Amino acid sequence: MALTNSNMMKLRTHAPSFELLDTVSNKVLSLKEIQSDIGTVIVFICNHCPFVHHINSKLVELANKYQNQGIQFIAISSNNIETHPQDGPEQMKVIAQKESYPFPYLYDESQEVARAYGAECTPDIFVFDGKLSCVYRGRFDETRPNMGDATGKDLGQALDQLLLGKIPSAEQFPSIGCNIKWK
């Protein structure tokens, strides 16, 4: 595991489009068809990362809360499955069902989507407004594995601001996690 900080996409950047396999429904989904007119959260995760394990239950809780208010969550795994077979599509489906993910869990086999977003680590979080303009990127919260329970404070505050029609504070902190396993 190589501890890696996120790149911090430039705020107001338009979300790169994509079409990826949803490992649960086995359908190819595009950003255009699953985005929300209110806001869309895109989080790069994987099955094996302890940083993702640390936030998983709170991520599901936040997704359930905010999806009920019209914000769409989308998870994407971009890891190289030749070196990390536990992150493959079949295992992604198992994890999504086990963790009760209320959002699509998409597989980025070519890693082109991760590169387009500048994703570097898991978890790496991006929030876009209804026009797909980046308003938040960075950490889930200030906790790490073995440093207390995940709260989702930073992401939740950004989503609360978005729901109020406001732009989240520009004071944002990079996510920290395992590096994406590149081919």
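Each value in this text was obtained by applying a stated rule to the coordinates, not by laboratory testing. This structure is a prediction, so every number in the text was calculated from the model and none was measured. Cβ: placed from backbone, ideal geometry, glycine included. Neighbour counts: every protein chain shown.
So here's what we get for this one:
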quantity	calculated
Matching residues, region 140-167, being in contact with a strand residue (DSSP E or B) (Cβ under 7 Å, 6 or more places away or on another chain), buried (at least 20 other Cβ atoms within 10 Å of the Cβ) and not in a helix (DSSP H, G or I)	PHE140
Identity of the residue in region 112-139, touching a helix residue (DSSP H, G or I) at 6+ places or on another chain (Cβ under 7 Å) and among the charged types (D, E, K, R), that ends up surrounded by the fewest Cβ atoms within 10 Å (Cβ to Cβ)	ASP129
Residue selected from region 56-88 under the condition in a helix (DSSP H, G or I) and polar (S, T, N, Q), by the criterion farthest from ILE38 (Cα to Cα)	GLN86
Search result, residues across region 89-104 that are surrounded by fewer than 19 Cβ atoms within 10 Å (Cβ to Cβ) and either touching a Leu at 6+ places or on another chain (Cβ under 7 Å) or part of a loop (DSSP other than H, G, I, E, B) (or both)	PRO89, GLU99, SER100, PRO102
Residue ID - surrounded by the most Cβ atoms within 10 Å (Cβ to Cβ), chosen from residues in region 27-47 that are among the aliphatic types (A, V, I, L, M) and assigned to a loop (DSSP other than H, G, I, E, B)	ILE45
Inter-residue pairs, beta-carbon under 8 Å, first on the phi > 0 side of the Ramachandran plot and in region 148-170, second among the hydrophobic types (A, V, I, L, M, F, W, C), 6+ apart	GLY152/ILE55; GLY152/LEU59; GLY152/LEU62; GLY152/PHE140
